Amino acid sequence: MDWQDIAAQRALLGRPFVMAHRGSSAILPENSPSAFYRAIADGADIIETDLHFTRDEAIVLIHDSTLERTTNGHGAIRDLTLAEIKRYKIKQPPERQHINEQILTLPEYIAYTGGKIPTALELKDPRFTEPRYAEKLVQLLAQYNVSGIFGVISFDLPKVQAVQAVAPNMATGWITLSNLSPNHAVSFIGPLWPIMLLNPFYVAQAHRLGKIVCPLDPWPDQRLPLYLRLGVDVLLTNNPATTMQALKKQTH
């Protein structure tokens, strides 16, 4: 399945797709190999992750611009080489201190997941607004033959637009905290979930424009009746296992 199929496949599936926010990040360290593996095992249809460039321009999967919160290292991603970043371990909960995981590069993630699961790549690094860096990402995805099932998303439209300029057919998405209208030139819209209360026609308007809707709500289970009534296409979640269970109860 690629991004262009999501709307049609959602109708056949009879439920929204489930997108794992940084993997199964409620259970395992975010953006870690084990969190991605757990998300797939728990039934996630799509994975969301975050991208930064290292000093030597490797693309790595980490949410923050620095290492401190999620690893035992320190420093800004953009100031460190990939080899320097690979010296550090991803922080683990006490019961997993024996687990040695490192930040993945984008090619490593593709290899780890087999390049088979649709993935939303959130563009965190400011350099994605520059054509050279946008082109570097697009070329890498083409090299690994995943351009159809990988899309790019961001809170910052200029980052998405830079990728669109290089690859007009790639799935692109905008995450918004305040805009009440889904009328931007992207294929995927991620509105902060209260927006759909302020504009109850948001999803219908987006669908008329041919767009996919995924509420920005990493804990969606308690609001499933609302999302099912509105007909959203994708559910973001920190815990794919509980969201899948809740969906089964709501749709059977």
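Read-outs: derived from the displayed coordinates by stated rules, not from any lab. Worth saying up front: this structure is predicted, and the values here are computed from it rather than measured. Backbone-built Cβ (ideal geometry, glycine too); neighbour counts: all protein chains shown.
Simple rule: put +1 on each Lys or Arg Cβ and -1 on each Asp or Glu Cβ in the chain, find the dipole, and look at ALA134, TYR88, VAL213; the Cα lying farthest toward the positive end is VAL213. Over the range 75-144, the reciprocal of the mean inverse Cα-Cα separation, the Kirkwood hydrodynamic radius, stands at 14.4 Å.
Pairwise Cα separations in the chain fall into 10 Å bins from 0 onward with the following percentages, short to long: 7, 32, 37, 19, 4, 0.
Show that you can apply the helix-only estimate: for the chain, add -39,500 (n - 2.57) for every DSSP H stretch of four or more residues, divide by all residues, and state [θ] at 222 nm to the nearest 500. Dividing the helical sum by the residues of the chain leaves -9000 deg cm²/dmol. Packing order of peptides 229-240, 84-95, 9-20, highest average first: 229-240, 9-20, 84-95 (average count of other Cβ atoms within 10 Å over each peptide's residues).
Listed by Cβ neighbour count within 10 Å, with the fewest neighbours leading, SER32, SER65, SER147, SER25 appear as SER65, SER147, SER25, SER32. Could you tell me which of ASN239, ALA204, THR70 has its Cα farthest along the dipole of the chain towards the positive end, charges placed at Cβ (Lys, Arg +1; Asp, Glu -1), taken about the Cα centre? Value: ALA204. When the listed pairs LYS91/LYS116; LYS136/LYS211; LYS124/LYS249; LYS159/LYS211; LYS116/LYS136 are checked against a 30 Å cut-off, the alpha-carbon distance exceeds it for LYS124/LYS249. Counting every C-alpha pair in the range 5-103, the share spaced more than 21 angstrom apart comes to 41%. Residues ASP125, ASP2, ASP221, arranged from fewest to most other Cβ atoms within 10 angstrom of their Cβ, appear as ASP2, ASP221, ASP125.
Residues ASP50, ASP45, ranked from the fewest to the most other C-beta atoms within 10 Å, line up as ASP50, ASP45. Relative to the longest principal axis of the Cα atoms of the chain, the long axis of helix 131-143 makes an angle of roughly 80 degrees. Net charge dipole, the range 3-251: roughly 440 debye, given to the nearest 20, about the Cα centre with Cβ charges of +1 for Lys and Arg and -1 for Asp and Glu.
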